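The structure appears right after this line, and notes come after that.
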Amino acid sequence: MRANGLGIVVAAAAPKAIGPYSQAVIVDDTIYTAGQIALDPTTNEVVGKTTAEQTDRVLKNLAAVLAAGGSGLHMVVKTTVYLIDMADFPAMNEVYARHFGSHKPARATIQAAALPKGVRIEIDAIARVG
C-alpha cells in the first residue's frame, strides 16, 4: 500500500524499517526497495545462521515489499547483493536462483565490511510496477 499518496510503500508482511527510511519508494512506474536483511516480519529478529538460510528470508521479505508496491520478483530489473564474505557467493547464488527461477535481473554483488544486526547478506532491488 502507498502511504500518504507519496509513493511510499508500507508492507505489513515485511519487517518494519529499522531506521529512518521507507521499505520502498515508487517513482513513476518503478519501485526502489530499501535493502532487506534476514529479519522475521513479526518479531524483527534475525532469522538463520547460514548465508543460505538468511538469503531465503531476505528474498521472502523483498517479495513482500515488492508485492505491497504492486510488483514482484518477476518484475525486478536489477538487484544489489551485499555479502559479508564473497566465499558465501555460491550459497547465496543457489537460493537466489530458486527464488527468481528463469527470470534473471541484472545484479551487482559487493563484499561489505559489516551489515546491520550482524547479518551475512542484504539485498535491494529496482523493479517495474503494474
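The values are calculated or read from the model by the stated rules, or taken from the named source; none is laboratory data. Note that this is a predicted model, so its numbers are computed, not measured. Reconstructed Cβ throughout: ideal geometry from the backbone, glycine too, with neighbour counts over all protein chains shown. Ligands, DNA and RNA are stripped out before the accessible areas are found, and what is left, the full protein with its side chains, is counted by its heavy atoms. Shrake-Rupley method; radii C 1.70, N 1.55, O 1.52, S 1.80 Å.
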- Item | Accessible area in square angstrom per residue, the chain, 1.4 angstrom probe | 51 Å²
- Query: Let a ≥ b ≥ c be the square roots of the eigenvalues of the Cα gyration tensor of region 49-118; is it rounded (a/c under 1.5), or, if not, prolate (a/b larger than b/c) or oblate?
  - Reply: prolate
- Note on the structure: Rounded to the nearest Å, the spacing of the alpha-carbon centers of region 43-78 and region 93-111 is 12 Å
- Quick one: grab Rg to one decimal and Dmax as a whole number for region 24-69, Cα atoms only, in Å. 11.7, 38
- Query: Per residue and in cubic angstrom, what volume does the convex hull of the Cα atoms of region 1-109 have?
  - Reply: 101 Å³
- Query: Ranked from highest to lowest mean number of other Cβ atoms within 10 Å per residue, what is the order of the peptides 116-129, 14-27?
  - Reply: 116-129, 14-27
- How many lysine pairs in the chain, separated by 8 or more positions in sequence or lying on different chains, have Cα atoms less than 22 Å apart? 9
- Largest-first ordering by accessible area, 1.4 Å probe, given options 74, 103: 74, 103
- Task: Would you mind telling me the antiparallel percentage of the DSSP bridges in the chain, rounded to 5?
- Result: 75 percent
- Selected from 56, 29, 85 as most flexible by GNM, with the chain as the system and alpha-carbon contacts under 10 Å: 29
- Query: Using a 1.4 Å probe on the protein chains only, how many percent of the accessible area of the chain belongs to carbon and sulfur?
  - Reply: 56 percent
